[in-house]
Structure formats: structure tokens, C-alpha cells
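What follows is a short report on a single structure.
Every read-out reported here was derived from the displayed coordinates using simple, explicitly stated rules and does not represent laboratory data. All values derive from a computational prediction rather than experimental measurement. Using ideal geometry, Cβ is built from the backbone for each residue, glycine included, and neighbour counts are taken over all protein chains shown.
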Amino acid sequence: MRVSYEWLKSMVDLPQDPQDLVREFVRTGTEVESVERVGAEITGVVTSQVLEKVPHPNSDHMYVCKMDVGSHNVDEDGNPVPLQVVCGAQNFEQGDKTVTALVGATLPGGVKIKKGKLRGIESLGMNCSSRELGLDDDHSGIMILPKDAPVGVDFLEWRGLTDTVIDCEITPNRPDCLSMLGMATEVSAMLDEDVHAELPSIAEESADAGRTADLVDVTIDDPSLCPRYTARVVRNVKIGPSPEWLARRVMAAGSRPINNVVDVTNYVMYLTGQPLHAFDLGKLSERDGKRHIVVRAAREGESIVTLDGQERDLTPDMAVITDDGRTPVALAGVMGGQNSEIDEGTVDVLLESASFEKGHISRTSRNLDLMSEASIRYERQVDTARCADVSNIAAALFEACCGAQVCEGMVDEYPVPALPATIKLRPDRVRALCGAPIQTSFMAQRLRRLGCQVSEGEGEHDPMTVVAPTNRHDLTREIDLVEEVLRLWGEGDVEPTLPAARNHAGGLSVEQRRTRKICATLRSAGLSETSTYNFADPRDLERLGMPERGKGIPVKILHPLVADQGEMRRDMIPGLLRSVAYNKDHGVQNVHLYELGRVFFGHEGKSQPDEPTYVAGVMSGRWADDAWNKKYANLDFYDAKGVVETLLEALRITKVRFRVADPDEYPWLQPGRAAEVLAQGELLGWVGNIHPRALGNFGIDDPVVAFELSEAPLLRLAQDELPYQEVPTLPGVKIDLALVVDESMSYEQVSQRIRSAGGKLLASVELFDVYRDEKRVGAGKKSMAFSLEYRAADHTLSSEEVERAHNKLVTKVIKSTGGEVRG
Amino acid sequence: MAMSDDLNAIQEQVDQMLKGAKSLEDLERVRVQALGKKGSITTIMHMMGKVPPEERPTMGKLANTVRANVQAAIEQRKVQLAREAMERRFSAEEADVTLPGRRLSPGTQHLVNQIREEIEDIFCGLGYTVEDGPFVETTYYNFTALNAPEDHPSRSAKDTFYVEDNAPEGKEAHVLGESDVLLRTQTSGVQVHVMEEKKPPIYMICPGTVFRPDTPDANHLPQFTQVEGLVVDEGITFGDLKGTLDYFTREIFGKDRATRYRPHFFPFTEPSCEVDVSCGVCHGEGCRFCKGTGWLEILGCGMVDPNVFGYVGIDPEKYSGFAFGIGVERVAALRYDLPDLRMLMTGDMRFLRQF
């Protein structure tokens, strides 16, 4: 909402400096987007008089003029001398007062006036038309000022054309502030000043022009679409440019002046917040000597060409104004129809001042993607109670500015008159909710300023009865008044306190602490946390080669910003692979990322999807580039597995197993480099090398190892403590054992067999080497070297004891593994 | 007095040999020569029997003195040699301390989550719980129960990502492009879930991902992070809201920062306001960073609207409360003067590892 300081000042006393008002706006809740000086861009334009007018010797239409510009042009002694200006206008005579832009002047649009020669004659300025000064569209000649105009003074100042426009952002609950009158009321409450607005009134309702009711009737088909419709007829309008004051105010409010009829409707809308529409009465069809306005829901298949020239397809949710129920002539509350538009030939005008239901207007505007000054106000609700008053203001201006005759009366269809809200306000409640010592008298006074009728109780604590003004739909409950009082009193002045929070304790839950631990462990293992979009490309799973099985149906976004973010992700890996590709494309080779986030599994017949949390990681390149004293290998399967093992150990999850992942079930992983992660028999997720085919689909050339785990079982199986284990006090005995076994024997199988063969004395089994050599070990075989530690809890083992136990173990293991001891 | 001469000669000889001893092995040789079973001093000690009895005490004393001296000299030389050996080792092992150390490279936490955890910790310190809710939400929880009227502009598909409703039967028709299911545009809906499930007193925050159809640019992301807060208790005042948010602001931005409360409008709170923090660059004077205003907008808040209590069956005469919403990316951008929010979403290691 653009608020003209000069216009506002005509209705309520304002501080000298607009910045003081801006501060008050901000303090009381009106956001200020910008403050703009109007006229500031025009400089060096002065009033002048034509002293001499001589035809230009080299032109048949130009004149060489001597202009009196007062002290703006002086001789060496400082005495005013006439200024020579070449002028092409035809509408002036010697002695006329006009407006001259001096050399160095700036005109709207940044036009600079320079010294120049026109057909050989020097010109030291320019006489201006009102269009050149940005006042209106008149370019028929230079401006002729009244005979009593002073000469040689700043034109803008003399005409009072300087102004400040404060552009305010109006929140959706305050449509009353989308009008200058509403703004004046708001400011009066803010500054505790009176409003003194004088509104135009009709001078004479003309009997010759007839009664509106004889010329028009109005039918509202469905009052839920249109609570009130007033129609008024004015006749014999003389379409032409608006008077300058009107044009200026319309411009200050942000519209271009068009013609006096349109400008009046716009002006009154800016003044009152009530959108008006003017129909060319002559373009509406006549039946029984009358025009018949019917407001009804649009019909399926109906359309209208709106004023902007667009053909709009209508739906039954939209309201239309129709000519006798047949042709739509306006899209109610949004935009008029081209078929009834005011034009140069318009003689009689039917003026609509109506109220339309805001929901329909809002949906219509959204569905047609069509916003107008009218729809912005209607969708926030207009003051139904004042439609008729506003119509009268407009009629008065048609009379004053368009030479119109105003027909007697109006047609006012208003089936259910709107009642103002009556609210009980308890001053103690205000003070209790605000935590501030606001005086009861302050409440009453400022609410009155806002246009409320207030009946106070006897004492400071007695409730008051407040009747809200009809343009404040946001004031229906006590709390609404609390807000008004508090913002005017000053939120900044309320003393800050902290709640007592009796009988309440907070803090993170066990699960939340465990989630933090998951992330902290992954970071300490070397992975950095990232965040990717929860949106997915519908082709992501296919590209990765990941089956949809178990992932429900996609959650599809109805209007995605881009097609490759058309649904919600069902897996974390595609987004992470995109991050790997991004890094590689930007020359970053070493990538280690994890993300903890949600995936979305939709289900037929359920509105909302399941949203399990996954934790996933991707690793590519090395942990770091080689340093002078530290070398790094390329990250492989065992690095990823190591991260997962570290994580599970940190969470103290026991009975962890890694099982070969079946390539048919894990087609996005490289066969032979893929494992399922289990704990206590429950599948937690997987770890493995991403299949090169999938990497290719994501534009990655280098190997990537990854893991993905469901968070829920991690949180469930995690333990905050494990039982204490006795720290050994007696020495153990370590013996190495190198076993040659078939390649098909897994570490898990061999180590299990050693453990089960070990008996009570075997304290630990650690693998320290895996060795393959066709000559020394044999084809299809591998040597696995273990360090075994024997220990008894209650005595120091003798060498005989150890030997006995070890020999027994070796015999059993050779038997159970089919291997042999490597010498 | 031959024996005493011998002893003195031995003493001198040992001193000479010790000077020449360059290692512990040399030293051991000297010890054996002098004090070993067949060593010179031992030999003399054995000869003590042949010394006339009247001289024995003098000779014995002298011999003992020489032995003690020799022992001490060897010990002293030993210490000296050990020190020299250590010095040689130190000099051999001298390091260029300016060479880089062998570093571990733990990963870093995403900037947004760092700030989110910081906010969680601040409010946990004030006794709040941390709550959670679905990202794919119904219009009821995202709008209706938060007092946003049916036709509120924020419900439009321009401001909300609607998703296909997989259970559309029996529901009313909608404006084109809208449905009953959406990606939550605010974490405020969690308020409603919590108030449905718990009785006051409620002191909670809900940090989480939210979505709005803004094309990504330097200042916007279609997916971002919000921390919603809610307090419902007896006797909660607007002053409590201010005290809480003043505390939060100082914890997160610094003790020297001021706050400003500007009345505003949100459907689910009344009175509502926006909170600004004084600019950390110019301290309120006005600069490029704060666009000349001296203030930076950081959050929206207000007293819980009684209508919201109505939806969840809490008596607004008995209880009052406040709610607030903080944009985490906004805090990150303010704190680090980030030139482009999109960096938060690329996974660029060079960006992530800075924080």
C-alpha cells in the first residue's frame, strides 16, 4: 500500500519528518518497504513569463522567446535578465505564464536539459508540457499557468507537488489499511490524534436523469457469493482527463491516470478500500426499459474476455456479473469484462459498489492466476456495511470531475445486513496476558481512536464493551483487542521475564541422544555430514538399479519446481551419489559423506507415507592425499565396513554379522563386494561397492563404497551400557597359528571354528594376516594367520597347560576346517 | 711403602683409563681391570695379609679409600657417558617442528545441523523437550488447526508443495493443484500434534525440515530448516515470550546484541510479532549487511491464538502460551555472511569441511 504523506496529512496531523511516522509504523506493526520522495527527481524547473515571442527565422512552427525566469538568469552585475528559449508549442501568447526547465534541470526519467541550438538559434532552456513534467498525459502544448502565478519560483514547490510516498506492507488481516481512510484511522490511534477527513458528497441528485431504480434492477442469485450489491447510475458523463489533484493522488497510490471516470473509481478505492466497477450502461441490454444485473455463479463452459484482453474459462466456483443473467459482463471482484468497458463514447455509467465472498475471490484469483487491486481487497474482505456510502462518494466525484448527472437513489441488494462485532474486554486479562501494566484508560482511548465504540465499566478492573468498526473483520474476540492494545502501547516496553515452568522437565530423549551419537561416531570415523534434497527424480531408483520392493509407492509432488524433483526420495543413495559427482566434477577426489535423513514410502489408500529415517554414507578416493609422513590407500569395501563396525560398536550393538549380499537382491552393488548388515538376527542395512553401472548412470567414474542402515533398529538395539568385564591381572600366553584353508572358507567360519575348539583357556582370537601364493600356499587356498591368547582367570598358566590346550585346538580346527597348519 | 705407591699408581691409572672410556663397554673393562676378581685393587686387597700388622690399619684405610674413589669415578663417568649418549640421540632425532603433524581427519557436522543442535541445547537448558513430526502432512495440521482460514493465500500452490493424495475418496474438491496432503511448509504443525497428545505444561521445540516452492537462489531454498517452539502453561505472558527469546538471541548471537519486537500477523498467534536482532557488523548504526536499518530479522513469534487451543481442547482461560519459529539457514547466513544458501545443499567437501 503506497501512502502519500501529503494525502494522509490532509486527514490527520502528522509529524514534520516522515521518518518519525515511519518509526511509529514499525513500532506498531506496519512494515515499511520503502520511503520515496516524489518530485525529488525533478530539479531546476521554475515558473516563468513569456516577455517576447518571435517566429523562428528558419522554421515555420517554432518561436524564439525571451523568458522572464526571475533571478534564475542574471547578468554580470547580478540583475535578472530574460532567458532565450526556442519553443515549438502553439498554445501560448506573449505575456502568458508558463513553466521553464533551466539548463542543468532534470526531468522525470532522468532527462537532462542542456544548452543547445535549434535550427541555428541558441536555446537556454525548455518550456514544458505537463507530460514532460510527469503530471499527466497532456502534451498538446506547454503548461499555461494562471495570470496571478508568481514568476521565477520553484515550480514543484509552488504547486505543492513534492510529496513522500511510504510503501507499507499490509498483513492479510488488515484489509482496512489498504485504504487511505483506514490508514488515517490507524495513524490516529498510533499518534493519538483526531481524524479530520472531509469526504465529497453529492451536490444534487438530478430529477431529469431519473431514478436509478427505474433504470436498473439487481438480482443476487446466491447471497453466499455476494452479500451485497449496490448499483447507481450517473448520466451524461464527459469522458476526459482527470483534474490534476485527482490524477496526482491516483499516481501517488500507484495507478496510471486513464480518464476521469476510471480515475474516480480508482481514487475512491484507494480512499476507502472498496473496489468499484464502472459499466458502460449503454453496453448492457435493455428489457422492459431496464437493465438487469444478475450476480450468479459462472456456468461450466462459460468464458469471459477480461479488461486485459484475455479470454478466461470460468468454473462454477467463480462469481460473475451478468447482463440479464445471460452474458457475463464482469468477473465478480476480480476484473471487468471487455464487453461493458468504459470508453471515449461512454455517456451513462452504471456504478457497482459491492461485496463478494472472499473465499471465492481468492480461489478465482488463484485458479486464473489473475490478481488485481480489486481481488487483493476482496480476498481479504471489504466493508460490506459501507458499500452504499462509498457509492455516494464516487457519484459525488463523477458529478464534480466528469460533469455527470447523478440519478436519484440507488439499488441496494443487501439480503442479510452485516452486524458489527460486540466484544467484552477485561482490562485485567489484557494486563495478565501481556505481563504489562497497561492502564484501562489507555485501552479505551486507543480503541476509540481505532474506530471502536467503547463503553467503559466503573473502575480500572471492570470489563468494557467494545463494538468493532465494520471494516475491522479481524476484531471479533477479546484476544484481538488485546493485540491492538499491546501493539499501540508498545511491545518493546514489556519487561522480559522467564516462565517459571513448575512441574516440568525437559532435555533430549534417549533416542535423540543416540541419534547424536550415531552422527558423532560417523564424524569421528572420518565422514562429513551433508544435507541433500528430500526430493527425488522419479527415475532415481531405476538409475541406481535398486528394486522398488519394500519401498511402497512414490509420494508425487503435484507441481514440482523441476521435473527431476518430482517426488519424495525413497532412498538416500541417489542424492549422495549426486554429491559425489558434484565433488568429482569440481576436482575434489576424496569424498566421504554421510547423511541422516528421511525416506518416504507411500501406500495406496493412505494419505500420508511412512517416513523412516535412514543413515547412509558414501566414500570415494582416499581418506586424504598422501602427506610427507603418512600414505593413504584408495578407500575400498573394508573402509566402508570399518565405518559400519565402528558405528555399531560405539552404539554397543551386539551379535553383529555381515552376510554375503545376494546379487539378485542387491543389483545396485558390485557382486562379491556387498554385504548385508545384521545384528541379533535383524537386518539393519547393507554395505558394499556401488555397481559400476549405477555409478555410470550418475556420472561417476571412480569406485564408490557405501552403506545404508535403518535408524530405527539402531536406536532400538543400541545400549547405553554393557556389563563390566574383569580386567585380566594374570599374564596370558600368545601363540600364532597360520592355517591354510580353501578360498571358500570365510573368515567368519574359520574364526568361529577356532573359538569353538578353544575351550575355556582361549581368551582371544585375532586375525593378523591373510596370504595367498600359488607356489607356497597352493592354488585356491589362502593362509590365515591368527594370534591366539590363552589365559586362566585364577592362576598363571604353565607352559604344559598352554601346549596341551593349543595342540587340542589345532587338531580340532584342522579337522573342522579341512585346512592344515602352515610351517 | 711400596703398597701405598702401588695404590696411588692404580688410582692414577684408572683415572687415565676412565678418560679414554668412550662407551659403557669401555667403562666395564675399566671396572673389571680395577675391581674385578683379578683386578688390580682386588689383588692388592688380597695382599693385605702380608702387610706388617702395625701398617695394616693405614694400608687398609688407604686401599678402601682408593677403591671407593675408583668406584665413584667409574660411576661418575658412567653418568657422564649416559648423558653424552642421550645428547647424541637427541641431536640425531632433532625434528623440524614446523613440518605438519600426522593428523587424524574426523569429519565435520553440517553447518545447519550445528546450529540446530546449538538451538536444541539452548532450549533444553531452559527445560524444553525436542519433538518431531511428519514431513508429509495433512492440510489440517499444517493450516486448519493453526487457524489459517480455508482461503488463506499461504495455502495456494504457489506457496505450498501439495502431493498426490493416495486416499482421496470422500474428500471435497480443491483448487487446481491443491490436495489434502502436502509437504509441511512450517514445523508449526508439530505444535498441534504435541498439544493433542500431551497436557500442559508444555515446553517444546520442534526442529526440522520444511518445504516451500521457492526456486533455489542465493537467498532461497525449496527445502530448509525451521525450529518451532511452543510453551503452554498457566500464567504465561508476552513478557515471558520476550524474556525467552531475548535469552535465546543472546546465547546464539552474543551477549552484546539487542532485540526489537515488531508487531506482525500470523494466523496461529495473537498478539504476534517479528523479532530483529541488532546488526553485529555495525551494532545498530546501519550498514550494508543490515541494509542500513541496523536490525536483522531473525524470527516470528506470538501468543498462542485461543482458536488453536480450541482445536486441541485446551482451555484458553486457564492456560496461555507462546510460540515462535526460527529459520536455521537464516541464522547460518547471518552468522557466516554466506553469499549463497545453495552451497548448503551440494555436499561440496570444500564447503562442508570449513565448519
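Under the rule of at least 5 residues apart or a separate chain, name every residue whose amide H is placed under 5 Å from the amide H of residue A:312. Here the answer is A:304, A:305, A:306, since their amide H atoms fall under 5 Å of that of residue A:312.
Extension gain for residue A:465 to residue A:766 (0.36 nm times residue separation, less C-alpha to C-alpha distance): 99.9 nm. Close amide-amide hydrogen proximity is noted between residue A:3 and A:166, A:167, A:168, each under 5 Å apart and 5 or more residues distant or on a separate chain (H modeled in the peptide plane; Pro and chain starts excluded).
Neighbour counting of Cβ atoms within 10 Å sorts the residues B:295, A:623, A:245, fewest neighbours leading, into A:245, A:623, B:295. About its Cα centre, the protein assembly as shown has a charge dipole of approximately 6760 debye under the convention of +1 per Lys or Arg Cβ and -1 per Asp or Glu Cβ, with nothing else charged. Note that the stretch A:535-550 has calculated 3J(HN,Hα) couplings of 7, 9, 6, x, 8, 4, 5, 4, 5, 6, x, 9, x, 7, 3, x Hz, one per residue in order, obtained from phi through the Karplus relation 6.51 cos²θ - 1.76 cosθ + 1.60 (θ = phi - 60°); glycine and proline are x.
By the count of other C-beta atoms within 10 Å, a proxy for reagent exposure, A:106, A:817, A:811, A:47 are ordered fewest to most as A:811, A:106, A:817, A:47. Relative to the current alpha-carbon distance between residue A:749 and residue A:51, full extension at 0.36 nm per residue lengthens the span by 239.7 nm. Projecting the Cα positions of A:583, A:257, A:568 onto the charge dipole of the protein assembly as shown (unit charges on Cβ atoms of Lys, Arg, Asp and Glu, taken about the Cα centre) puts A:583 furthest along the positive direction.
At the listed q of 0.11, 0.13, 0.15, 0.17 Å⁻¹, the Debye profile of the stretch A:43-159, built from one uniform point per Cα, gives log10 I(q)/I(0) equal to -0.32, -0.45, -0.60, -0.79.
Computed 3J(HN,Hα) for the stretch A:186-203, one whole-Hz value per residue from the Karplus formula 6.51 cos²θ - 1.76 cosθ + 1.60 where θ = phi - 60°, is 4, 5, 5, 6, 5, 9, 6, 10, 7, 9, 10, 8, 9, 9, x, 10, 5, 6, glycine and proline marked x.
Peptide A:531-539: average number of partner chain Cβ atoms within 10 Å per residue? Each step should come with its number before you reach the end.
Details: counts 14, 4, 7, 7, 5, 0, 0, 0, 0.
The mean count of partner-chain Cβ atoms within 10 Å per residue comes to 4.
Between the helical axis of A:747-758 and the longest alpha-carbon principal axis of chain A there is an angle of about 40 degrees.
Classification of the stretch B:86-151 by its C-alpha gyration tensor yields a prolate form. The axis ratio a/c (a ≥ b ≥ c) is 1.5 or more, and a/b outweighs b/c. Note on chain A: helix-only mean residue ellipticity at 222 nm, from DSSP H runs of 4+ residues weighted -39500 (n - 2.57) and normalised by residue number, equals -7500 deg cm²/dmol.
Here the relative contact order of the stretch A:690-823, from alpha carbon pairs under 8 Å that lie six or more residues apart, stands at 30 percent. Each label point was placed 7 Å from the Cα along the Cα-to-Cβ direction; for residue A:317 and residue A:77 their separation is 8.2 nm. Note on B:222-228: average number of Cβ atoms from other chains within 10 Å of each residue's Cβ is 2. Between residue A:91 and residue A:799, residue separation times 0.36 nm minus the direct Cα-Cα distance comes to 242.0 nm.
Relative contact order of chain B: 14 percent, from C-alpha pairs under 8 Å at least 6 residues apart in sequence. A simple spin-label model places the labels of residue A:338 and residue A:712 5.9 nm from each other, with each point 7 Å out along Cα-to-Cβ. For residue A:123, the amide hydrogen comes within under 5 Å of the amide hydrogens of A:116, A:117, A:118, counting only partners 5 or more places away or on other chains and with H modelled in the peptide plane. Cross-link partners of residue A:112 among lysines, defined as those whose alpha carbon lies under 29 angstrom from its own and excluding same-chain residues fewer than eight positions apart: A:53, A:66, A:97, A:147. Model label points for residue B:84 and residue B:121, set 7 angstrom from Cα along the Cα-to-Cβ axis, are 5.7 nm apart. Positive-end ranking of A:518, A:109, A:767 along the dipole of the protein assembly as shown, with charges on Cβ about the Cα centre, is headed by A:767.
Using only the C-alpha atoms, the convex hull of chain A corresponds to 329 Å³ per residue.
Cβ-Cβ distance of residue B:93 and residue B:289, R₀ of 35 Å, FRET efficiency by 1/(1 + (r/R0)^6): the value works out to about 0.10. Loop-located GluC sites (Glu not before Pro) in the stretch A:539-575 (DSSP state not H, G, I, E or B) with no more than 15 neighbouring Cβ atoms inside 10 Å: A:548. Qualifying trypsin sites (Lys or Arg not before Pro) in the stretch B:19-82, where qualification requires a DSSP coil assignment and no more than 11 other C-beta atoms within 10 Å, comprise B:22, B:37, B:38.
Under a model in which nothing but the beta-carbon of Lys, Arg (+1) and Asp, Glu (-1) is charged, the stretch A:43-159 shows a dipole of about 340 debye around its Cα centre. When you filter the GluC sites (Glu not before Pro) in the stretch A:1-106 for DSSP loop state and at most 15 other Cβ atoms inside 10 Å of their Cβ, you are left with A:41, A:76, A:93. Note on the stretch B:111-352: the alpha carbon radius of gyration divided by the globular reference 2.2 N^0.38 Å gives 1.03.
Relative to the longest principal axis of chain A, what angle (0 to 90°, nearest 10) does the C-alpha long axis of helix A:244-253 take? It is inclined by approximately 10 degrees. At a Förster radius of 51 Å, what calculated FRET efficiency corresponds to the Cβ-Cβ distance of residue B:58 and residue A:734, to the nearest 0.05? Computed FRET efficiency for residue B:58 and residue A:734 comes out at 0.25.
Mean per-residue shielding of peptide B:137-149 is 1, counting Cβ atoms of other chains within 10 Å of each Cβ. A simple rule links phi to the HN-Hα coupling: the Karplus curve 6.51 cos²θ - 1.76 cosθ + 1.60 with θ = phi - 60°, which for the stretch A:131-136 gives 5, 5, 8, x, 7, 7 Hz, with x for Gly and Pro.
For the set A:641/A:815; A:551/A:606; A:734/A:812; A:290/A:358; A:551/B:198; A:760/A:812, the pairs lying more than 21 angstrom apart at their alpha carbons are A:641/A:815; A:290/A:358; A:551/B:198. Alpha-carbon geometry of the stretch A:212-413: the Rg and the Dmax are 15.4, 45 Å, given in that order. Counting neighbouring Cβ atoms within 10 Å and putting the fewest first, the residues B:256, B:340 line up as B:256, B:340. Comparing Cα centroids, the stretch A:27-51 and the stretch A:392-429 end up 33 angstrom apart.
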